[in-house]
Amino acid sequence: MSKRFRENAFPREEFNLRWGRARELMEKKSLDAILVTNPSNYRYFVGMEYGWGPRRNAFILPIDREPVVLVNGAQKHSTELGTHIDDVRWYNLPFRPAHVVDVMTDLDLDRGRIGAEFKHDYMTNISHEVRELIGGATLVDATDILQRLRMIKTGHEVEAIRDACLRHTTALLNMMERIRGGMTIREVAWILARCERDQGATIVSTRILPNIWNVDGGGEWLRRNLDPDRRLRKGDYVSFDADMVGPKGYGADFGATFVVGEPTKEHLEWWEKCVHIVERWMEISRPHVKMSEAHRQACRVVRDAGLDPREYSGCFAIHRSHYAHGTGIDLVEEPMVARYEHREFEPGMTLCVEPGLEGREAEGAPKTMHREEEIVITEDGYERLTTMGWDLHVIPEK
């Protein structure tokens, strides 16, 4: 009988695969071990949440023996029950880098070549502290190894993201069935939170800073400093960002778009333009294409639609200088698909494609449209993970 008090999101074989992939990359870099202390990388290898407050954790993966996890004593029992790692070690507060050094010395790594997260260790600083204490060992940056592992998803990871996308889509659709004109933005957010909870979300984030473009209201456009108690009214086009983390620990990052009352011709024209752009952006995100080249093509798609991909009023047609970003354990991960990124798309990458379209000002306010899609790169193209329909959603005026 399993000693674990809960069913892990993934089987032991999945973590064996992750550790094995890491060891293959470690061998190419001539590393004897990797030291992982970044919270999301820790979750990737351990399958559990990082510590909290002053309770700092570490995961050590030697190239030729079983991994070790170091936790605070308050987490020892829950970690032993909740992870697939058999060697769980603990310390009493306060945390000291010497605790990690002691474990590494016990594993005969005190004179080894150790990979660490020097570029992504800003949340803990443990790697830098250990390097100052360990003496005979050589610590080198292994951020590229961890980035590559996280960018190329396993089959289990893709299925977890697919599951989160389905749950998130269902929650958004249920929300739009329940909302009406006259409700406040705050009420809409709470309705979505309840719908996400009903779908098994473990974490919900709804950013109450929607784009509201009201054609009937004289071109009103609200984005910053929006009163969350503003009531929806006829003619409002509303687009807001939302995300959730599903029960398997992986997230879905896309929001909702709707019009209060029947959309105008102008609403529909802009929505069709937005849909066209996101469909083209998904098509250019294909294997063996450099991301910088895909970004160039994405800019051309925007120009062909009569827009300028440069910044307007703090919003972007090419969203925040990128047109897509990776997603997984973290809702925003590498890669950022931008002009400066020269890596190629590879099968197994999961991306959030996110046009944030903004046109030139009309009646004192910019026209704006927003749509997000999650995809996975396949051997011959991409697969759409988002199951939302393409029609512009219409909610009743009252």
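Taking θ as phi - 60° and the Karplus parameters 6.51, -1.76 and 1.60, the scalar couplings of region 159-172 work out to 5, 5, 5, 4, 5, 5, 5, 5, 5, 5, 4, 4, 5, 5 Hz in sequence order, x denoting glycine and proline. Rounded if a/c is under 1.5, else prolate if a/b is larger than b/c, else oblate: which is region 6-116, with a ≥ b ≥ c the root eigenvalues of its Cα gyration tensor? Oblate is the answer for region 6-116, as a/c is 1.5 or above yet b/c matches or exceeds a/b.
Karplus-derived 3J(HN,Hα) values for region 176-189, using 6.51 cos²θ - 1.76 cosθ + 1.60 with θ = phi - 60°, are 5, 6, 9, 8, 9, x, x, 6, 8, 4, 4, 5, 4, 5 Hz; glycine and proline are entered as x.
Distances between placed amide hydrogens fall under 5 Å for Gly182 paired with Leu232, Arg233, all partners being 5 or more residues away or on another chain. Pairs exceeding 29 Å between alpha-carbon atoms, taken from Lys28/Lys119; Lys29/Lys76; Lys28/Lys290; Lys119/Lys153; Lys234/Lys273: Lys29/Lys76.
3J(HN,Hα) along region 261-276: x, 5, x, 7, 4, 5, 4, 5, 4, 5, 5, 4, 5, 5, 4, 4 Hz, from the Karplus curve 6.51 cos²θ - 1.76 cosθ + 1.60 with θ = phi - 60°, whole Hz, x for Gly and Pro.
Each value in this text was obtained by applying a stated rule to the coordinates, not by laboratory testing. Since we're looking at a predicted model, the values are computed, not measured.
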